[in-house]
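**Q** Shown below is the structure under consideration.
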Ligand SMILES: C[S@@+](CC[C@H](N)C(=O)[O-])C[C@H]1O[C@@H](n2cnc3c(N)ncnc32)[C@H](O)[C@@H]1O
């Protein structure tokens, strides 16, 4: 059984093409950003956000080592996602990835929080093209993690099922607090 990070990658890989626009809402150490950058290739663009300078630096370093220069790194709260992405790409984004919680190897008290996470997810759903995907990997084991996971679940389950399909994948391993992967596909565009 593969882990949920790999599953999120597989799900996005199935839809992304060279030339696409993608978002990493939580850059962290840059693994997801690099994954997206490699698929969209040099004619595509990844917009990658993190609130922490150290995460942006770590991601930048990873991209440099891989010689990828198709990523716009943005050190901002992801609640600023919509106004940080050029308007010409609104409704054109193929995939948006969220990997919640804290920066591995960093300060564990700096974590994503429900209100900005929900705001960022809501904005990202507007930015997706029809058929586009949003993945959110949520962790329940750290303080506040269960509440954030419940808030994401509650928000996604209230979306119109004409406009979005929502799937929840739970880790199969013997976890006391299993991580959860939410996968949302936009079925119709904002104006349809
Ligand atoms: C689990 S890590 C992300 C892992 C990353 N995707 C990777 O591939 O290495 C979560 C990241 O979310 C960032 N973060 C926390 N709150 C945020 C916010 N409001 N806006 C943007 N990033 C935030 C943290 O700084 C941390 O780096």
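**Q** Cβ-Cβ under 9 Å, sequence separation 6+ or interchain: first residue in the stretch 43-63 and farther than 15 Å from residue 23 by Cβ, partner in a helix (DSSP H, G or I) and more than 9 Å from the ligand (Cβ to nearest atom). Which pairs?
**A** What qualifies is 63/37.
**Q** Scan the stretch 6-26 for residues that are more than 11 Å from the chain's Cα centre (by Cα) and either within 8 Å of the ligand (Cβ to nearest atom) or part of a helix (DSSP H, G or I) (or both) and jot them down. Spell out how you get there, then give the answer.
**A** Residues of the stretch 6-26 that are more than 11 Å from the chain's Cα centre (by Cα), as a first pass: 6-7, 10-11, 13-21.
Hits for the stretch 6-26 are 6, 7, 10, 11, 13.
**Q** If you scan the stretch 127-144, which residues turn out to be more than 16 Å from residue 168 (Cβ to Cβ) and touching a helix residue (DSSP H, G or I) at 6+ places or on another chain (Cβ under 7 Å)?
**A** 127, the sole residue that qualifies.
**Q** When you go through (1) at pLDDT below 95; (2) more than 10 Å from the ligand (Cβ to nearest atom); (3) buried (at least 16 other Cβ atoms within 10 Å of the Cβ) one by one for residue 109, which number turns out not to apply?
**A** Answer for residue 109: the failing condition is (3).
**Q** Just the residues that are crowded, with 20+ Cβ neighbours inside 10 Å and near the ligand (Cβ under 6 Å from one of its atoms), please, taken from the stretch 30-42.
**A** Of everything in the stretch 30-42, those that are crowded, with 20+ Cβ neighbours inside 10 Å and near the ligand (Cβ under 6 Å from one of its atoms) turn out to be 30, 32.
**Q** Shifting gears a bit: Going by what's in this entry, would residue 98 be described as under 24 Å from residue 18 (Cα atoms) and touching a residue at least 12 places away in the same chain (Cβ under 8 Å)? Spell out the reasoning first.
**A** Working: under 24 Å from residue 18 (Cα atoms): yes; touching a residue at least 12 places away in the same chain (Cβ under 8 Å): yes.
Considered against the rule, which asks whether it is under 24 Å from residue 18 (Cα atoms) and touching a residue at least 12 places away in the same chain (Cβ under 8 Å), residue 98 comes out as yes.
**Q** Further, regarding this structure: The conditions are (1) away from the ligand (no atom under 13 Å from the Cβ); (2) farther than 19 Å from residue 182 by Cβ; (3) under 15 Å from the mean Cα position of the chain (by Cα), and residue 50 fails exactly one of them. Which is it?
**A** Going through the list (1) away from the ligand (no atom under 13 Å from the Cβ); (2) farther than 19 Å from residue 182 by Cβ; (3) under 15 Å from the mean Cα position of the chain (by Cα), residue 50 breaks only (1).
**Q** Quick one: which residue in 171, 151 is at pLDDT below 95 and in contact with a helix residue (DSSP H, G or I) (Cβ under 7 Å, 6 or more places away or on another chain)? Show your work before the answer.
**A** Numbers: 151 fails: at pLDDT below 95.
Matching residue, one of 171, 151: 171.
**Q** Being within 15 Å of the ligand (Cβ to nearest atom), within 18 Å of residue 122 (Cα to Cα) and surrounded by fewer than 19 Cβ atoms within 10 Å (Cβ to Cβ) narrows it down to one residue among 77, 99, 3; which is it? Steps first, please.
**A** On the way: 99 fails: surrounded by fewer than 19 Cβ atoms within 10 Å (Cβ to Cβ); 3 fails: within 18 Å of residue 122 (Cα to Cα).
The conditions single out 77.
Here's the yes/no breakdown for (1) over 22 Å from residue 37 (Cβ atoms); (2) within 16 Å of the chain's Cα centre (by Cα); (3) near the ligand (Cβ under 9 Å from one of its atoms):
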{"residue": "62", "(1), (2), (3)": "no, no, yes"}
{"residue": "89", "(1), (2), (3)": "no, no, no"}
{"residue": "92", "(1), (2), (3)": "no, yes, no"}
{"residue": "126", "(1), (2), (3)": "yes, yes, no"}
{"residue": "134", "(1), (2), (3)": "no, yes, no"}
{"residue": "141", "(1), (2), (3)": "yes, no, no"}
{"residue": "152", "(1), (2), (3)": "yes, yes, no"}
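The values are calculated or read from the model by the stated rules, or taken from the named source; none is laboratory data. Note that this is a predicted model, so its numbers are computed, not measured. Cβ atoms come from the backbone with ideal geometry, glycine included; neighbour counts cover every protein chain shown.
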